[in-house]
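Heads up, the thing below is written out as C-alpha cells.
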Amino acid sequence: MKHFPIFLAVEGKRIVLAGGADAAMAKLRLLMKTEAQLTVIATDIAPEIRNWAAEGKLQIIERAMAPGDVHGAALFYAANEDAAEDARTAAIAQAEGALVNIVDNLADSQFITPAIVDRDPVTVAIGTEGAAPVLARAIKADLEERLPTSLGILARIGKTFRHAVDVLPMGRKRRDFWSAFYFDDGPKAMEEAGKSGVLRALETLLDNHVMSDTKAGHVDLVGAGPGDPELLTLKARNALDKADVVIHDRLVTDEILELARREAIIINAGKTGFGPSMKQEDIDAMLVRHALDGHHVVRLKAGDPTVFGRLDEEVEALEAHQISYRVVPGITAASAAVAGIGQSLTKRGRNAAVRLITGHDTRGYADHDWKALAAPGEVAAIYMGKKAARFIQGRLLMHGADPATPVTIIENASRADQRIVATSLSDLEPTLSKAGLSGPAITFYGLAPRDAEAKALKLREFA
Ligand code: SAH
C-alpha cells in the first residue's frame with residue numbers, strides 16, 4: 001500500500017486552494033462538503049467561485065499566491081492548470097507546513113483525494129493509488145446505486161437508538177434488525193414521513209423484531225420500463241436486488257430479469273394480448289400467497305405499472321389481506337417511443353394535451369371519443385393498437401379526421417431492435433400489416449418522426 005487511507009479532522013481547519021478555473025471548481029465542489037474554512041487564491045477567479053464566496057462558502061483572495069498565504073492550513077491544493085505555477089505555489093505551501101496535493105500530478109503530491117461516496121456521516125473513500133481512476137469511478141457508481149440516499153440521516157438517527165436495540169440478542173437477529181432499518185423500513189419511512197417517521201419506524205420495527213421471528217412479506221409493484229435495462233429506476237434495481245420472488249409480465253425483457261437476485265424465484269405471469277393468459281385472479285392470488293409466506297415479492301410490469309397495467313386489481317387484493325406494498329413507477333412505452341422518434345409528447349403551439357389510449361380492452365376493440373380525436377392537432381399514444389389499427393383508422397376517418405394526419409408506429413421502443421414505421425392515417429393500413437411487426441408497439445396518432453428524411457425512407461420501405 002503506497003497510500004494509507006485515513007479520515008482527516010478538518011472541522012474549523014483551513015484548506016487553501018490555488019487556482020480559479022475548472023480544476024479548482026471540481027475540487028471545491030468536494031471540499032465544500034466539509035466543515036473546513038476554504039480559501040481560494042488566484043489572479044483569475046471564475047464566476048461560480050465568486051458566487052460561492054458570496055454565499056459564504058469560501059473566501060477568495062484575488063492575486064497570485066504569496067508566502068504567508070498558507071500559514072496554519074491543514075491541506076493545500078494546487079489547481080492552477082499550469083505546471084510552473086503549481087510547482088511555485090506547492091513549494092510555498094509545503095514550506096508553511098500544509099500537506100500538498102497537486103491536481104493531476106501524482107508524483108509530486110503528498111496526498112491524493114479518493115473517489116467519495118457521501119452519505120455523511122457515512123463516507124466511503126475509494127482509492128487506486130492513481131492506477132485505475134476508471135475502476136474507482138465504477139466502484140463509486142455501484143455504491144451510489146446500492147446505498148440509499150437517506151443512509152446518512154438514518155445513521156445519525158440509528159446511533160441514538162443503539163442502546164434500545166440491546167434487547168435483541170446479538171448476532172443474526174440484531175443484524176437483521178439493522179439491515180431492515182438501513183435498507184428497507186428506514187428509507188421507506190424517510191420518504192413517506194421524514195425524520196419523525198423514521199423514529200416511529202424504528203420503534204415499530206424493533207417491536208416487530210422483538211415479537212416475531214418470521215419477517216412479514218411485502219410486495220413491490222415495479223415498473224420495468226420499456227425494455228432497455230438502463231431505463232430502470234434505481235428503486236426498481238434495488239427492489240430486484242432484494243426480491244425473493246419476481247412475478248413478471250410477458251413484455252419484461254430477459255436482460256432485466258437477469259438483474260434479479262440470484263436466489264430469486266422467477267415466475268412468468270405472461271399475458272399475451274389475445275392469446276391464452278394467466279387469469280388476473282390467479283395472478284392476484286399468487287401475489288398474496290407469496291407475500292403471506294413472508295417473501296419479498298416484486299411484481300414486475302412493463303413500462304409504468306399505472307398505465308394499462310391492471311395495477312388496481314392487484315393493489316386491492318393486497319389491501320384485502322393487509323399486505324404491505326409499494327408502487328415503483330417506471331418509464332412508460334409512450335415516453336420511450338416518443339424519444340425514439342425525436343419528438344415531444346406535448347409541444348407549445350402544436351398540442352397542449354396528449355391522450356394515452358388503448359386499442360383494445362377486455363371487451364374487444366376499445367371505443368373512444370373519436371370526434372374529439374379527429375379534430376386537427378390532436379395527439380394520441382395508442383397502446384395495444386396493432387390489431388385494432390384498421391378499426392381505429394376507420395373510426396377516425398369516419399369522424400372527419402384529415403387522411404394526411406401523420407401516424408408513426410414504434411416497435412420495441414428503447415431496445416436494440418427498435419423499428420419505426422412512419423405513415424399517414426389514410427395509409428395506416430395496409431402499411432402496418434405489411435410491415436409485419438411482431439414486438440410490442442406504440443402507435444402515435446398526430447406525430448411524425450422529427451427526421452423527415454427517415455420518414456420518407458420508411459414510407460418507401462413499406463409501401
Ligand atoms: N404498462 C405498460 C403498458 C402495458 S400495455 C407501459 O407503461 O408501457 C402493453 C402495451 O404497451 C403494448 O401492447 C405496447 O403497445 C406497449 N409497449 C410496451 N412496451 C413497449 C415497447 N418497448 N415499445 C413499444 N410499445 C411498448
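Only the coordinates and a few stated rules stand behind these numbers; no lab work does. Computed from a predicted structure; not experimentally measured. Backbone-built Cβ (ideal geometry, glycine too); neighbour counts: all protein chains shown.
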If you take every DSSP beta bridge fully contained in the chain, what fraction is antiparallel? Give it as a percent rounded to 5. 40
What does the charge add up to near SER433, with Lys and Arg as +1, Asp and Glu as -1, over the other residues with Cβ less than 12 Å from its Cβ? +2
Order of 178-186, 420-428 by packing, highest average Cβ count within 10 Å first? 420-428, 178-186
DSSP H segments from the chain that extend 15 Å or more along their own axis, Cα-based, with Kyte-Doolittle mean of -1.0 or above: 83-95, 133-146, 186-211, 280-292, 452-462
Segment 368-398: which trypsin sites (Lys or Arg not before Pro) are DSSP loop and have at most 16 other beta-carbon atoms within 10 angstrom? LYS387
Suppose only helical runs count, i.e. DSSP H with n ≥ 4. What mean residue ellipticity at 222 nm does that imply for the chain under -39500 (n - 2.57) per run, divided by all residues and rounded to the nearest 500 deg cm²/dmol? -11000 deg cm²/dmol
Could you work out the relative contact order of the chain, using alpha carbon pairs under 8 angstrom and six or more residues apart, expressed as a whole percent? 9
Relative contact order (percent, whole number), segment 74-158, Cα cutoff 8 Å, 6+ residue spacing: 21
Summing Lys, Arg as +1 and Asp, Glu as -1, what charge do residues with Cβ under 15 Å from the Cβ of GLY197 carry, GLY197 excluded? 0
Net dipole in debye of segment 1-114 [+1 Lys, Arg Cβ; -1 Asp, Glu Cβ; about Cα centre; nearest 20]: 360
Please go through the residue pairs LYS140/LYS235; LYS57/LYS188; LYS13/LYS57; LYS301/LYS347; LYS2/LYS33 and name each one whose alpha carbons sit more than 22 Å apart in this structure. LYS57/LYS188; LYS301/LYS347; LYS2/LYS33
Would you work out which of PRO229, ALA239, LEU251 lies farthest towards the positive end of the dipole of segment 212-258? Charges go on Cβ: Lys and Arg +1, Asp and Glu -1. ALA239
If every Lys and Arg gets +1 and every Asp and Glu gets -1 at its Cβ, then about the Cα centre segment 375-448 yields a dipole, in debye to the nearest 20, of 240
Evaluate the charge dipole of the chain about its Cα centre and quote only its size in Debye, nearest 20, assuming +1 on the Cβ of each Lys and Arg and -1 on the Cβ of each Asp and Glu. 600
